[in-house]
Amino acid sequence: MDIRIMLPGYREVIEQLTHIEIAGTCKAFAEMPAATLALASTRDGLPIYVLLCPQLYERPGNPYGDESGEDWPDNDIRFARFASAAAELAAGTLDKNWAADMVHANDWQAALAPAYLAWRGINLPSVMTIHNLAYQGLFPKESLRRIGAPESSFHIDGIEFYDKVSFLKGGLVYSSHLTTVSATYAKEITTAQFGCGLEGLLRLRADAAQLTGILNGIDESWDPRFCSHLAQPFGAGDWEGKRANADYVRKQFGLGVSRGPLFGIVARLVHQKGIDLVLEAADEIIDAGGQIAVIGSGEPAIEQALIKAHRRRPDAIGVAIGFDDAQARRIFAGSDFTLMPSRFEPCGLSQMYAQRFGSLPIGHQTGGLAETITDGETGFLFSKPSRDSFLGGIRRAFSTFGAHDRLDSMRRTAMSRSFSWDTSAGSYNALYRKVAAA
């Protein structure tokens, strides 16, 4: 298949690309400025379209907000411009040398691409992937005018959601087929508990066989035998190599010398991830001889709570606010267990990385965690997102840590797991052909 990726022209994206060619120009539309579509490619030849519009995308901060973490007030225009341009590209009116047979939109930032196709009467099949239903791209009704959406689309069967414009709902309504990043999450979002107010619509799509769960994969570079970022590469059975990484992580985080288990957390620091449950369980972990190393960023209140816990027990709790890929890999390599008490988890990647690096995940039995952690064999699952249930999983981990043969067996089994994209790619291939044929 001829797959082409389209991304907003963030400064960090542009800096990584060479030999950029101009492919076309998007005219100003509604309150959305004109933009230029450029074509580049990755090192291995994957074509990448980048929408160049410095006033919208070349900003400090992150893709969605400023340096203080506040959402950009014009995010509706920023991502409607992106989705509208994607629809033009797909229709063949931007790049004179290419048009699409199908559009695959990911999350709310791209969700209006199928909607713009429908509003313009362009009959192209589309797939919409929900990575996290909790992030919907909600804006006031005035956004209709700003993004050039028809007034007739603002109703319960369109993009209206409790008197607001929902970009994500646009994708749910106008796409030919919906996917999520695990089969379990595909079922969960049709319930009131996980449906975020959209469960009725999602049940309709599921009943029509138009909702599919396809598990994410991870890159093959996540292999501790060859990872250049580690203090010492290691393979299954080389536990001295793993110990060397644990010692390195302890030193980096200022933790005390210990022969007890090291618990790692590599996560966005948001309510969904259950970091509050970790803080509630921290004293029991430490009293039993464990230590905790955390890397991530997110909600300021959670960041501050972790920093406070570190200051209270600097010998046992290490915290790095921010994200560094090399440091994350070292935490997976050095930790004995990875804590993932997520309240919900569409797929999750940390549990996959952790298993490849011999760190047994302790996760809530939800979403992708339930599909990728084999309880008692490659990690530990607990049934409820509560302190007591979570502590049950942690106590099982401590018990296993003290039983060396069992720990060795679980580590070897976990490290032998494959989470290659090959399986997922085959599933997408089959889905694309099915949707195109329909």
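Values quoted throughout were computed directly from the atomic coordinates according to the rules given, and no laboratory measurement underlies them. Everything numeric in this text was worked out from a predicted model, so none of it was measured. Note: ideal-geometry Cβ built from the backbone for every residue, glycine included; neighbour counts use all protein chains shown.
When you check Ser420 against the structure, is it touching a residue at least 12 places away in the same chain (Cβ under 8 Å), surrounded by fewer than 17 Cβ atoms within 10 Å (Cβ to Cβ) and under 20 Å from Ala281 (Cβ atoms), yes or no?
The answer is no for Ser420.
Could we say that Glu303 is buried (at least 17 other Cβ atoms within 10 Å of the Cβ) and of a type in the set (D, E, K, R) here? Give the steps one after another, and end with the answer.
On the way: buried (at least 17 other Cβ atoms within 10 Å of the Cβ): yes; of a type in the set (D, E, K, R): yes.
The answer is yes for Glu303.
Among the listed residues Gly392, Gly368, which satisfies the condition of being touching a Leu at 6+ places or on another chain (Cβ under 7 Å) and either over 21 Å from Lys187 (Cβ atoms) or buried (at least 24 other Cβ atoms within 10 Å of the Cβ) (or both)?
Gly368
Which residues, counting only those in segment 1-50, are polar (S, T, N, Q) and surrounded by fewer than 16 Cβ atoms within 10 Å (Cβ to Cβ)?
Across segment 1-50, the qualifying residues are Gln16, Thr18, Thr25, Thr42.
Taking segment 395-417 as the region of interest, how many residues are within 27 Å of Ala282 (Cβ to Cβ), out of contact with any helix residue (DSSP H, G or I) (no Cβ under 7 Å at 6 or more places or on another chain), surrounded by 14 or more Cβ atoms within 10 Å (Cβ to Cβ) and of a type in the set (Ser, Thr, Tyr)?
So the answer is 0.
Might you let me know whether segment 246-255 holds any residue that is crowded, with 23+ Cβ neighbours inside 10 Å and either of a type in the set (Ser, Thr, Tyr) or touching a Phe, Trp or Tyr at 6+ places or on another chain (Cβ under 9 Å) (or both)?
No, every residue in segment 246-255 fails to be crowded, with 23+ Cβ neighbours inside 10 Å and either of a type in the set (Ser, Thr, Tyr) or touching a Phe, Trp or Tyr at 6+ places or on another chain (Cβ under 9 Å) (or both).
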